[in-house]
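A.B. asks: This is the structure I want to talk about, given as structure tokens.
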Amino acid sequence: MIGYFFPGSSSGRDYNYYEGKLAVSRDVGVVSTTAALNYSPDFIRGSGDALYASMGASAPIMDTGFSVKGSAGYQWIDDEVAFGAPDYADWSLGVGYDLHGFDLGLKYTDTNISDRRCNDDCDATAIFSVSRSFN
């Protein structure tokens with residue numbers, strides 16, 4: 001179960017929501033693969049049921065500490081008007097690096113949405129991330 005909360009957002013915009021996620025992973029040689037389904041019964045902005053299916057892969061780049069990563073997914077939304085955009089596909093391609101237990105990432109991501117209703121929110125973008133897992 002995953003919860004998304006947006007402190008300070010207007011309560012009338014209904015941005016907060018929960019979703020469940022089911023994922024499986026498998027290593028195929030040096031490539032790590034993942035397939036996942038996310039489901040929300042009350043998606044963002046009161047847009048009803050939503051289902052997101054995705055697949056991803058990651059592979060090390062020799063012994064450099066770098067890896068190449070890619071993903072693709074599809075989002076189905078019950079009430080597209082409330083959501084503000086139609087069902088859509090997304091994809092990303094990027095690199096990762098392990099730095100003393102921190103995972104650094106840089107990826108380019110885009111969707112197939114060209115609908116003007118989402119203004120600049122649907123444009124392609126680069127994302128830098130830093131994460132750390134604790135056992």
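The values are calculated or read from the model by the stated rules, or taken from the named source; none is laboratory data. No experiment lies behind these values; they were computed from the predicted model shown. Here Cβ is always computed from backbone atoms with ideal geometry, including for glycine, and neighbour counts include all displayed protein chains. Surface accessibility is based on the protein's heavy atoms, side chains included, excluding ligands, DNA and RNA. Shrake-Rupley method; radii C 1.70, N 1.55, O 1.52, S 1.80 Å.
A.B. asks: If you build the convex hull over the alpha carbons only and average its shadow over all orientations, what do you get for region 18-79? Give it in nm² to one decimal.
C.D. replies: Taking a quarter of the hull surface, the average projection is 5.0 nm².
A.B. asks: May I ask you to derive the relative contact order of region 20-135, considering only C-alpha pairs under 8 Å and at least 6 residues apart, and to give it as an integer percent?
C.D. replies: Reported as a whole number, the value is 16 percent.
A.B. asks: Output wanted: per-residue J couplings in Hz (rounded whole) for region 52-59, from phi through Karplus 6.51 cos²θ - 1.76 cosθ + 1.60, θ = phi - 60°, x for Gly and Pro.
C.D. replies: Result, rounded to whole Hz: 10, 10, 9, 9, x, 8, 9, 9.
A.B. asks: Taking the radius of gyration and the Kirkwood hydrodynamic radius from Cα positions alone, what is the Rg/Rh ratio for the chain, to two decimal places?
C.D. replies: Radius of gyration relative to Kirkwood radius: 1.00.
A.B. asks: Keeping all protein chains in the complex and leaving out DNA, RNA and ligands, what accessible area do you get for residue 69 with a 1.4 Å probe, in Å² to the nearest 10?
C.D. replies: For residue 69, the solvent-accessible surface is approximately 90 Å².
A.B. asks: Would you rank 87, 78 by solvent-accessible area, highest first, keeping every protein chain in place and using a 1.4 Å probe?
C.D. replies: Correct descending sequence by accessible area is 78, 87.
A.B. asks: Could you work out the local net charge near residue 94, counting Lys and Arg as +1, Asp and Glu as -1, over the other residues with Cβ closer than 15 Å to its Cβ?
C.D. replies: Net charge in that neighbourhood comes out at -2.
A.B. asks: Now for a different question. Which of the three applies to region 5-48, rounded, prolate or oblate, going by the alpha-carbon gyration tensor with a ≥ b ≥ c and a/c under 1.5 meaning rounded?
C.D. replies: In terms of gyration-tensor shape, prolate.
A.B. asks: With +1 assigned to the C-beta of every Lys and Arg and -1 to the C-beta of every Asp and Glu, and no other charges, what is the dipole magnitude of the chain about the Cα centre in debye, to the nearest 20?
C.D. replies: 320 debye
A.B. asks: Under 5 Å between amide hydrogens, which residues at least 5 positions from residue 84 or on another chain qualify, with H placed 1.01 Å from N in the peptide plane?
C.D. replies: Result for residue 84 returns nothing.
A.B. asks: Report the label-to-label distance for residue 1 and residue 128 in nanometres (one decimal), using points 7 Å from each Cα along the Cα→Cβ vector.
C.D. replies: 3.6 nm
A.B. asks: State the answer as a single residue: which of 20, 111, 128 lies farthest towards the positive end of the charge dipole of region 1-132, with beta carbon charges of +1 for Lys and Arg and -1 for Asp and Glu, about the Cα centre.
C.D. replies: 128
A.B. asks: Using a 1.4 Å probe, what is the accessible area per residue for the chain, in Å²?
C.D. replies: Counting only protein heavy atoms, the per-residue value for the chain is 69 Å².
A.B. asks: While we're here: In the neighborhood of residue 130, defined by Cβ-to-Cβ distances under 14 Å, what is the net charge if each Lys or Arg adds +1 and each Asp or Glu adds -1?
C.D. replies: For residues surrounding residue 130, the net value is 0.
A.B. asks: Where in region 30-135 are there chymotrypsin sites (Phe, Trp or Tyr not before Pro) that are in a DSSP coil and have at most 10 other Cβ atoms within 10 angstrom of their Cβ?
C.D. replies: Passing sites in region 30-135 are 134.
A.B. asks: Let me ask something else about it. Highest GNM mean-square fluctuation, the chain, Cα pairs closer than 10 Å: which of 22, 51, 93?
C.D. replies: Taking springs between Cα atoms under 10 Å, the residue moving most is 22.
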